[in-house]
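Below is one structure, written out as structure tokens, with a few remarks after it.
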Amino acid sequence: MTIASRADAFRRTAHPVAWWGWALLLATAAGRTANPWLLLLIAAVAGLVVTWCRGSEPWSGAYRVFLFIGLSAIAVRMVFYVVFGGSDGPTVLFTLPSATLPEWAAGFRIGGDVTAEGALAAAYDGLRLATLLVCVGAANALASPRRLLRSVPAALYEVSVAIVVALSVAPQLVESVGRVSRARALRGNTSRSPANLMRTVVSPVLHDALDRSLALAAAMASRGYGRAADIPAPARRATSASLFIGLIGLCAGAYALLGTAMPAPLTWTVVACGAAAAAFGIAFASRRVPHTRYRPDRFGARDWAVVASGAAAVAGTVLSALFEPAALWPATNPLSVPDLPMWAAAGVLLATAPALLVPSSRGGTP
């Protein structure tokens, strides 16, 4: 690929903030339901967009890793239900030897009856957690951590160093697994014993991934990233307080969006106020970190469309909560096949729009 074609591919891919916004909105939609059909649809949409839009960068294989972690989360949730109990029902699948727990551990058990209703409720919970992990994996596979770092506001330069290390660990981990596996194959090491894998795969992979991420952060610091200018103390305290209050408001609003306890108008009011305060604090705090940008990464109309497609999934769950709330949270007792909430499903299907809006960077349009 020539330099011109690389630059063209760089321009054609969506903004990393747009990818993270799209993925987090999908995760928000997943957090507002326990319907297995809708959760599977969200995971399928995320996988489709990743397959269609990802590039050939080292982090593009992160989706498979998070998918495996999500499947492991379902298995762990089922094991916890079988061992410690939870929701029960009349349909007993099998009975394990049980132990009596003290009164302060009421609601838990060790062993005992394992019912179909309880197992189904545990599977729903595990599937919801797995879908959240899959959405995060989609963002890791699609968004470039280096481009994301360029888009972090100057006021958050101290946090952005930690962000780039955190976001680059998973992609570098995926790349390191492939590199170490190829090295083992060239050396003729095909043993799959746990001790051999720990010594020749796990330890080198973790060491290499962390070293590369820390080297990137050290290179940023050595180049003066985050050099601060002199700002009067009152102005610095005011902007810091505004930034802190805004970020707390955004966190509270995001937590409320994932649940259903707070009314929707109040939730969106908290999010809007937090966003306004954070934007004010970031705009004024950025003045104390002067720096120049070469070819700034602009947020265009296509990037807004990507975010809007993710917002459509959240809007669909909000409409379903108004018109068909029982479909979002299906009952497991008595056993029944849950209905698919149509409003939420339509919103999630609209989230496939990035597959049409953003072509892949793997050698042209897919």
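The values are calculated or read from the model by the stated rules, or taken from the named source; none is laboratory data. Everything numeric in this text was worked out from a predicted model, so none of it was measured. Glycine also receives a Cβ, built like all others from the backbone with ideal geometry; neighbour counts cover every protein chain displayed. Side chains are part of the model used for accessible areas, which takes the heavy atoms of the whole protein and leaves out ligands, DNA and RNA. Shrake-Rupley method; radii C 1.70, N 1.55, O 1.52, S 1.80 Å.
Brief remarks follow.
- Residues that are in a helix (DSSP H, G or I), open to solvent by 60 Å² or more (accessible area, probe 1.4 Å) and in contact (Cβ under 8 Å) with a residue 60 or more places away in the chain, drawn from the stretch 66-93: Leu67, Ile69
Here's the yes/no breakdown for (1) of a type in the set (Val, Ile, Thr); (2) open to solvent by less than 50 Å² (accessible area, probe 1.4 Å); (3) modelled with pLDDT under 80:
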{"residue": "Ser286", "(1), (2), (3)": "no, yes, yes"}
{"residue": "His291", "(1), (2), (3)": "no, no, yes"}
{"residue": "Trp304", "(1), (2), (3)": "no, no, no"}
{"residue": "Ala355", "(1), (2), (3)": "no, yes, no"}
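Every residue, every condition in (1) among the aromatic types (Phe, Trp, Tyr); (2) closer than 18 Å to Gly31 by Cβ; (3) at pLDDT 85 or above, yes or no:
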| site | (1), (2), (3) |
| --- | --- |
| Ala44 | no, yes, yes |
| Trp52 | yes, no, yes |
| Trp59 | yes, no, no |
| Leu71 | no, no, yes |
| Ala75 | no, no, yes |
| Tyr81 | yes, no, yes |
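- Any hit, the stretch 247-254, residues being in contact with a Phe, Trp or Tyr (Cβ under 6 Å, 6 or more places away or on another chain) and modelled with pLDDT of 70 or more: no
- The set of residues in the stretch 179-204 being at pLDDT 75 or above and open to solvent by less than 40 Å² (accessible area, probe 1.4 Å) consists of Val180, Ala183, Arg184.
- For Val134, the stated conditions hold: it is within 20 Å of the chain's Cα centre (by Cα), at pLDDT 85 or above and open to solvent by less than 40 Å² (accessible area, probe 1.4 Å).
- For the stretch 11-42, taking the residues that are under 19 Å from Ala315 (Cβ atoms) and among the hydroxyl-bearing types (Ser, Thr, Tyr), the one that is least open to solvent (accessible area, probe 1.4 Å) is identified as Thr33.
- Test set (1) within 22 Å of the chain's Cα centre (by Cα); (2) modelled with pLDDT under 90; (3) closer than 26 Å to Ala327 by Cα - Gly118 fails condition number: (1)
- Of all residues in the stretch 306-339, those that are open to solvent by less than 60 Å² (accessible area, probe 1.4 Å), in a loop (DSSP other than H, G, I, E, B) and of a type in the set (S, T, N, Q) total 1.
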